[in-house]
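> Have a look at the structure that comes next, please.
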Amino acid sequence: MSQEHANPFESEGQWLKCALHTHSSVSDGTLPPDLLARAYEDAGFDVLSITDHWRIAEAPSTDRLLTIPGAELGFDLLKPAYPRQSAEFLVWGIDHLPEDPGGDRDNWCFNAEENWEVRTFPSLTDGASWATGLGAVVYVAHPYWNGLSVEELRESEGYVGLEVFNGSAEIETGRGDSSVWWNALLADGRTVFGIGTDDQHYPLFELGVAWTMVRAADRSVEAVLEALRQGHSYFSHGPSIHHIQANRDYVEVTCSPARSVVLHMEQEYGVSVTIGRNGRRMGRILETDSAGLITRVSLDCDHEAAQYRRVSVIDESGAKAWSNPF
């Protein structure tokens, strides 16, 4: 295998349900930070980062909810495609923002009616360098929704991963799943991890529609940030992945009831097990629930030179959960 990473399902720690891309009334969200934190706490989340546009919102942690300071920041595209001249990245673990990040002022704007602001770094690499210099963690926001080219991502450095699934973008425009971008980078041999978010602005419609489960050493800001750096997580907008055991010849997955489980690799490689009419079984179903849905499966893995391996679990409604590469 060209890429091998620690398997969070076989690591010490605890699973924490994280909301990593959300907005408050400090920018273009509808709830003030304290009420937004209460809403996520009531919804059963363990971790919240409010990532307002060029603002840092403050919401104190509680006994049940850990809050992490963050923001959604902008960068100038190396190869802009009119009318898109800039794009965004998510950063967690910062305590201030630069007044002038040095980007093209023609790409800066402020929308007074909706209360959001765009400033830009000269490039994604520049923005990631500034953030990581502060010990923060950077993931690129919604590549599909932004219309980012894979080449832009290939030519950039310093980011840990991509926001592979964005619930708000999926609900509004059907452009929430950036798996194609992720697969392209992984097939290049890049170490790139993924997260899923709700990108909540309007709680009634978006809060909790997607999330990231982080395997953290403990319930602290530092432990969550380190888990994000290492890709010790999976993400979902429905199913749960309970366990993954990976061997050279097969991958065994335990999950909530699913109609299909897929082992992804580069190019035409990859295998799946699917129930029902026309279902293919490139592996063995080990356990099912009372309705015949998959709860444990073994997937054959006969491509020893795989650039990467990751798993998707698809439930009966079509909702997915994604593992990070292992």
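The values are calculated or read from the model by the stated rules, or taken from the named source; none is laboratory data. As the structure is a computational prediction, the values presented were derived from the model and not from experiment. In this analysis, Cβ positions are derived from the backbone assuming ideal geometry, glycine residues included, and neighbour counts consider all displayed protein chains.
> Might you let me know whether the stretch 93-109 holds any residue that is closer than 20 Å to ILE195 by Cβ and either touching a residue at least 60 places away in the same chain (Cβ under 8 Å) or touching a Gly at 6+ places or on another chain (Cβ under 9 Å) (or both)?
Residues of the stretch 93-109 that are closer than 20 Å to ILE195 by Cβ, as a first pass: 93-94.
Cutting the leftovers down to either touching a residue at least 60 places away in the same chain (Cβ under 8 Å) or touching a Gly at 6+ places or on another chain (Cβ under 9 Å) (or both) gives us 93-94.
Checking the stretch 93-109: at least one residue is closer than 20 Å to ILE195 by Cβ and either touching a residue at least 60 places away in the same chain (Cβ under 8 Å) or touching a Gly at 6+ places or on another chain (Cβ under 9 Å) (or both).
> Which of the residues spanning the stretch 289-304 are without any contact (Cβ under 8 Å) to a residue 40 or more places away in the chain and surrounded by 15 or more Cβ atoms within 10 Å (Cβ to Cβ)? Quick ask: steps written out before the conclusion?
Our first condition is that a residue be without any contact (Cβ under 8 Å) to a residue 40 or more places away in the chain; within the stretch 289-304, this holds for 289-294, 303.
Correct list: LEU293, ILE294, HIS303.
> Provide a single number: the residues in the stretch 231-247 that are over 13 Å from the mean Cα position of the chain (by Cα) and either outside any loop (DSSP other than H, G, I, E, B) or surrounded by 15 or more Cβ atoms within 10 Å (Cβ to Cβ) (or both). Walk me through it before giving the result.
The initial filter retains those residues of the stretch 231-247 that are over 13 Å from the mean Cα position of the chain (by Cα), namely 238-247.
So of that shortlist, the ones also either outside any loop (DSSP other than H, G, I, E, B) or surrounded by 15 or more Cβ atoms within 10 Å (Cβ to Cβ) (or both) come out as 238-246.
Of the residues in the stretch 231-247, 9 are over 13 Å from the mean Cα position of the chain (by Cα) and either outside any loop (DSSP other than H, G, I, E, B) or surrounded by 15 or more Cβ atoms within 10 Å (Cβ to Cβ) (or both).
> I need the full set of residues from the stretch 110-159 which are surrounded by fewer than 22 Cβ atoms within 10 Å (Cβ to Cβ), among the β-branched types (Val, Ile, Thr) and either outside the structural domain of ARG84 (by TED's automatic domain parsing) or more than 20 Å from GLU99 (Cβ to Cβ) (or both), in order please.
Across the stretch 110-159, the qualifying residues are THR125, VAL150.
> Exposed (fewer than 15 other Cβ atoms within 10 Å of the Cβ), under 21 Å from the mean Cα position of the chain (by Cα) and modelled with pLDDT of 95 or more, is that true of GLY44?
Numbers: exposed (fewer than 15 other Cβ atoms within 10 Å of the Cβ): yes; under 21 Å from the mean Cα position of the chain (by Cα): yes; modelled with pLDDT of 95 or more: yes.
Spelling it out, GLY44 is indeed exposed (fewer than 15 other Cβ atoms within 10 Å of the Cβ), under 21 Å from the mean Cα position of the chain (by Cα) and modelled with pLDDT of 95 or more.
> I've got another one for you. Does the stretch 92-109 include one or more residues that are hydrophobic (A, V, I, L, M, F, W, C), in a helix (DSSP H, G or I) and crowded, with 19+ Cβ neighbours inside 10 Å? Explain how you work it out, then say what you get.
So the first thing to find is which residues in the stretch 92-109 are hydrophobic (A, V, I, L, M, F, W, C), and the list is 92, 94, 97, 108-109.
Imposing the further condition that a residue be in a helix (DSSP H, G or I) reduces the set to none.
Looking for residues that are hydrophobic (A, V, I, L, M, F, W, C), in a helix (DSSP H, G or I) and crowded, with 19+ Cβ neighbours inside 10 Å, one finds none in the stretch 92-109, hence no.
> While we're here: Could you please find all residues in the stretch 20-40 being over 14 Å from ALA227 (Cα atoms) and either in contact with a strand residue (DSSP E or B) (Cβ under 8 Å, 6 or more places away or on another chain) or in the same structural domain as VAL251 (by TED's automatic domain parsing) (or both)? Let's see the steps before the verdict.
Residues of the stretch 20-40 that are over 14 Å from ALA227 (Cα atoms), as a first pass: 21-40.
Once the filter is applied, which keeps residues that are over 14 Å from ALA227 (Cα atoms) and either in contact with a strand residue (DSSP E or B) (Cβ under 8 Å, 6 or more places away or on another chain) or in the same structural domain as VAL251 (by TED's automatic domain parsing) (or both), the stretch 20-40 yields HIS21, THR22, HIS23, SER24, VAL26, SER27, ASP28, GLY29, PRO33, LEU36, ALA37, TYR40.
> Okay, moving on. Of the conditions (1) over 15 Å from the mean Cα position of the chain (by Cα); (2) surrounded by 21 or more Cβ atoms within 10 Å (Cβ to Cβ), LEU228 satisfies every one except a single condition; which number is it?
Single failed check for LEU228: (1).
> Of the conditions (1) part of a loop (DSSP other than H, G, I, E, B); (2) farther than 30 Å from ASP188 by Cα; (3) among the acidic types (Asp, Glu), GLU157 fails just one. Which one is it?
(2)
> What are the pairs with Cβ atoms under 7 angstrom where one residue, in the stretch 13-32, is acidic (Asp, Glu) and the other, located anywhere, is not in a loop (DSSP other than H, G, I, E, B)? Sequence gap at least six, or different chains.
ASP28/HIS53; ASP28/TRP116
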